[in-house]
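No value in this document is a laboratory result; all are computed from the given coordinates. A quick note: this is a predicted structure, and the numbers were derived from the prediction, not measured. No Cβ is skipped: glycine too gets one built from the backbone with ideal geometry, and neighbour counts run over all protein chains shown.
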Amino acid sequence: MKNKFLLIAVSFLVLSSTACSGLNALSGRNKNDVNEWIAKKNLEQANEDKLAKDRQTERDRKIETEQRNFYLTHPEMPIPKMPLDSKSSVDNAFRNALNNFGFVTRYPGSQDPNQVYVKVGGSMLTMLRVQLALSAYGEECRRASAYTGHDYKNECLASLTRDISAFSEMLKNDDIPDKTKLAALGEASYANNIDFGYAARLAKMHFKLCQQRGNQGYVEMVTVAVPCNGQSDVLNIYAAREMGFL
């Protein structure tokens, strides 16, 4: 037991001696030497930071060039339209509304719904998202039919056709700013659902209210405040109120 304590004591003395030697060496340095060492390390760090920044800039430039070249070699092409050959006029009207959606792709012939989209502002609303929204709408319609015992298929399809047509019309209205269109879509989306008619009405409401105030400032939607000029940031509605924009 004594040997154990002696070993611990010796180890402690050795470590203390080493630490003290290091401190003595540091304290014994000339102040100018220490400052030079610090300056050297700062310069090395600055050079490393600059090198990392230059590499990131080069990567960004390469990605931008590749994307630009891709856009040049893969222009947006409209997808083939669905035939209006159904025996049901309601079905044909629905197909026609989808045809007017304006779907495009840079991969003609692709079966990937993520590669087919319609522009909403500066973003892409993919066909996959639209398909999921239509499926969710169809499920709600089936639930309503099962609940009431009445087949609402034609009524649901006719209502959805009107909503899609209104949404397409809103997207093609060049007077409505892109940020207004995108914000309206966001407000009308939840989970896999998209209320196309609601998005269209929100965008038109925002556009008209902005016109009434000379396209200045912000107008609120539901949870966000959207700039009338289409340039400023979209803000959380509470933040916009705190900042005095509403």
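Taking the Cβ-Cβ separation of ALA144 and ARG106 as r and a Förster radius of 41 Å, what is the calculated FRET efficiency to the nearest 0.05?
The value I calculate is 0.60.
Summing -39500 (n - 2.57) over the DSSP H runs of n ≥ 4 in the chain and dividing by its residue number, what mean residue ellipticity at 222 nm do you reach, to the nearest 500 deg cm²/dmol?
Only helices count here, giving -21500 deg cm²/dmol.
Any chance you could run the full-extension gain for VAL234 through ALA52? It's 0.36 nm times the residue separation minus the Cα-Cα distance, nm to one decimal. It would help to have the intermediate numbers written out before the result.
Details: separation 182, 0.36 × 182 = 65.52 nm, distance 3.23 nm.
Additional length available on full extension: 62.3 nm.
Taking the Cβ of ARG142 as the center, what net charge do the other residues with Cβ under 14 Å away carry, scoring Lys and Arg +1 and Asp and Glu -1?
Summing Lys and Arg as +1 and Asp and Glu as -1 gives -2.
Counting pairs of Cα atoms in region 97-175, how many percent are more than 19 Å apart?
Beyond 19 Å sits 45 percent of the P(r) for region 97-175.
Given points 7 Å out from each Cα along the Cα-Cβ axis, report the ASN173 to LYS208 separation in nanometres with one decimal.
For the pair ASN173/LYS208, the computed spacing is 0.9 nm.
Net charge near LYS153, counting Lys/Arg +1 and Asp/Glu -1 over other residues with Cβ under 13 Å of its Cβ?
Result for the neighbourhood of LYS153: -3.
Can you compute log10 of I(q)/I(0) for the chain with the Debye formula, treating each Cα as one identical point scatterer, at q = 0.16, 0.17 Å⁻¹?
Results for the chain at q = 0.16, 0.17 Å⁻¹ read -1.23, -1.28.
What does the charge count around GLY197 come to, taking other residues whose C-beta lies under 12 Å from its C-beta (Lys +1, Arg +1, Asp -1, Glu -1)?
Taking every other residue near GLY197 into account, the sum is 0.
Size of the dipole of the chain about the Cα centre, Lys and Arg at +1 and Asp and Glu at -1 on the beta carbon, nothing else charged, in debye to 20?
So the magnitude is around 640 debye.
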